1. Spot the failing condition for Gln14; the list is (1) open to solvent by 100 Å² or more (accessible area, probe 1.4 Å); (2) more than 37 Å from the chain's Cα centre (by Cα); (3) not aromatic (Phe, Trp, Tyr), and only one is missed.
2. Only one residue in Gln7, Gln28 is among the polar types (S, T, N, Q), surrounded by 10 or more Cβ atoms within 10 Å (Cβ to Cβ) and modelled with pLDDT under 95, so which one is that?
3. Can you find even one residue in the range 81-98 that is among the aliphatic types (A, V, I, L, M) and open to solvent by 90 Å² or more (accessible area, probe 1.4 Å)?
Amino acid sequence: EEEEEEQLQLEQQQRLKEEEQRHLEEQQRLEEEQRQLEEELEELRLQEQQLDEQQRLEELQLLEDQMEDLRLQELQVEVEENFNGYLDDHQQQYEQQEQQEQFVQLADLPALG
């Protein structure tokens with residue numbers, strides 16, 4: 001009977017060791033899984049950061065394009081104003097010249113009387 005009890009104790013110890021071993025293996029598996037998930041999470045964070053940077057770069061490029069368009073529009077308006085001013089100046093000069101020529105022509109006419 002002692003042998004039987006001893007045998008039972010040995011079997012019980014063996015089962016406990018096996019269970020402990022399974023528990024350790026499960027814990028290692030879970031730790032490995034957690035490590036992989038943390039790596040994946042870090043990779044996703046990096047991707048998100050890159051996407052954010054890419055999006056900011058695209059938005060910045062869009063703003064720069066819009067600013068360039070505005071600068072071009074301002075230049076166009078400035079050129080048109082300058083050109084119109086140039087035309088106005090020449091129109092005034094032409095009119096003054098014409099008036100002077102008419103005045104000279106009138107002055108050349110013999111006085112009536």
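1. (1)
2. Gln7
3. no
The values are calculated or read from the model by the stated rules, or taken from the named source; none is laboratory data. Values in this document were obtained by computation on a predicted structure and should not be read as measured data. Positions of Cβ are backbone-derived with ideal geometry, glycine not excepted, and every protein chain shown enters the neighbour counts. Only protein heavy atoms, including side chains, enter the accessible area calculation; ligands, DNA and RNA are left aside. Shrake-Rupley method; radii C 1.70, N 1.55, O 1.52, S 1.80 Å.
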